1. I'd like to check something: does the range 33-41 contain any residue that is under 22 Å from Q102 (Cα atoms), surrounded by 14 or more Cβ atoms within 10 Å (Cβ to Cβ) and touching a strand residue (DSSP E or B) at 6+ places or on another chain (Cβ under 9 Å)?
2. Taking strands (runs of 3 or more DSSP E) that do not extend beyond the range 133-179, which have at least 2 residues that are under 30 Å from H110 (Cβ atoms)?
3. Among the residues of the range 49-69, is any under 20 Å from the mean Cα position of the chain (by Cα) and modelled with pLDDT of 95 or more?
4. Residue check: is S103 polar (S, T, N, Q), within 26 Å of S28 (Cα to Cα) and out of contact with any strand residue (DSSP E or B) (no Cβ under 8 Å at 6 or more places or on another chain)?
5. Suppose we filter N101, N126 for residues that are over 13 Å from K59 (Cα atoms), at pLDDT 95 or above and of a type outside the set (A, V, I, L, M, F, W, C); which single one remains?
6. Mind checking which strands (runs of 3 or more DSSP E) fall wholly inside the range 63-128 and carry at least 1 residues that are within 17 Å of T53 (Cα to Cα) and out of contact with any helix residue (DSSP H, G or I) (no Cβ under 6 Å at 6 or more places or on another chain)?
7. When the residues of the range 59-100 are narrowed to those that are among the aliphatic types (A, V, I, L, M), under 30 Å from P25 (Cα atoms) and in contact (Cβ under 8 Å) with a residue 24 or more places away in the chain, which ends up surrounded by the most Cβ atoms within 10 Å (Cβ to Cβ)?
8. The conditions are (1) closer than 23 Å to K135 by Cβ; (2) surrounded by 10 or more Cβ atoms within 10 Å (Cβ to Cβ), and D56 fails exactly one of them. Which is it?
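The values are calculated or read from the model by the stated rules, or taken from the named source; none is laboratory data. What you see is a predicted model, and the numbers here were worked out from it, not measured in a lab. Here the Cβ positions follow ideal geometry from the backbone for every residue, glycine too, while neighbour counts run over all protein chains shown.
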Amino acid sequence: MYIRYLGFGLLIWFPGALHAQHATPSCSAPRLDGGFFSPKQETYSDETALTYTCNDGRKPTVKGWWATSTCLNGTWSPEPQCIDEKACIAPDIPNTQYRENQSGWYNDEHKIRITCNEGYDPKGHNVTTTCINGKWSSVPVCEKNIHACGEPPQIPHAVIILQGYQDVFAADTGVQYQCQDGYTAEGGDTKKYVYCIAGNWTEGPVCSKWGHTLQRNQTWY
């Protein structure tokens with residue numbers, strides 16, 4: 001009898017325990033120095049969004065005079081924050097890399113030096129920009145090098161291996177094609193490199209079924 005009641009008690013307790021283990025954490029009200037937010041609550045359930053703005057002389061760490069933040073797994077994302085209005089948020093400079101502040105913003109007069117991605121060059125040799133009174137001065141532009149190539153051509157029954165997708169490749173870059181299983185390129189190989197030469201890709205493989213390739217090769221003799 002004791003075992004029967006014990007089993008019944010476990011059936012009651014386990015669902016509650018499992019629910020507690022899988023419950024998504026809520027968020028406490030954010031601490032926002034120099035601003036205010038809405039709605040004003042002590043706690044917020046997961047995926048709840050709030051909006052905030054900043055007092056005179058300050059601004060959010062995102063573009064605009066007001067911003068939103070969402071409770072995700074117990075953390076506000078992005079974190080509500082008000083900064084000096086003379087500071088700058090991270091600049092959006094396509095096709096480039098630069099050392100980013102972990103805070104996501106930069107003090108007045110801070111200078112950034114950029115490096116263009118492979119296959120791009122800085123327009124006018126400009127590689128720096130400075131935060132001046134809340135705005136970036138002379139933001140660099142990275143433009144495609146005239147000798148670079150676009151994405152390699154798509155070839156039937158072949159895939160590019162050991163290379164993540166990108167839409168611009170620097171001159172003299174090589175990529176390798178792999179023919180689909182059961183297919184070979186002319187010469188009997190299953191792999192072939194192509195190269196970016198002066199803005200154009202060298203000729204890629206023609207992947208054919210193994211039997212068809214053999215028949216074509218036999219006609220060459």
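1. Within the range 33-41, the subset under 22 Å from Q102 (Cα atoms) is 33-35.
Imposing the further condition that a residue be surrounded by 14 or more Cβ atoms within 10 Å (Cβ to Cβ) reduces the set to 34-35.
Now drop any that are not touching a strand residue (DSSP E or B) at 6+ places or on another chain (Cβ under 9 Å), which leaves 34-35.
Yes; the residues of the range 33-41 include at least one that is under 22 Å from Q102 (Cα atoms), surrounded by 14 or more Cβ atoms within 10 Å (Cβ to Cβ) and touching a strand residue (DSSP E or B) at 6+ places or on another chain (Cβ under 9 Å).
2. Working: elements: 135-137, 142-144, 158-161, 174-179.
Passing ranges, in order: 135-137, 142-144.
3. In the first step, residues of the range 49-69 are kept if they are under 20 Å from the mean Cα position of the chain (by Cα); the result is 61-63, 69.
Add one more test, that the residue is modelled with pLDDT of 95 or more, and what stays is 69.
Taking every residue of the range 49-69 in turn, at least one turns out to be under 20 Å from the mean Cα position of the chain (by Cα) and modelled with pLDDT of 95 or more.
4. Numbers: polar (S, T, N, Q): yes; within 26 Å of S28 (Cα to Cα): yes; out of contact with any strand residue (DSSP E or B) (no Cβ under 8 Å at 6 or more places or on another chain): yes.
Taking the combined requirement at face value, the residue satisfies it.
5. Numbers: N101 fails: at pLDDT 95 or above.
Within the list N101, N126, the selection yields N126.
6. Numbers: elements: 66-72, 75-77, 82-84, 111-113, 120-122.
Output list reads 66-72, 75-77, 82-84.
7. I83
8. (2)
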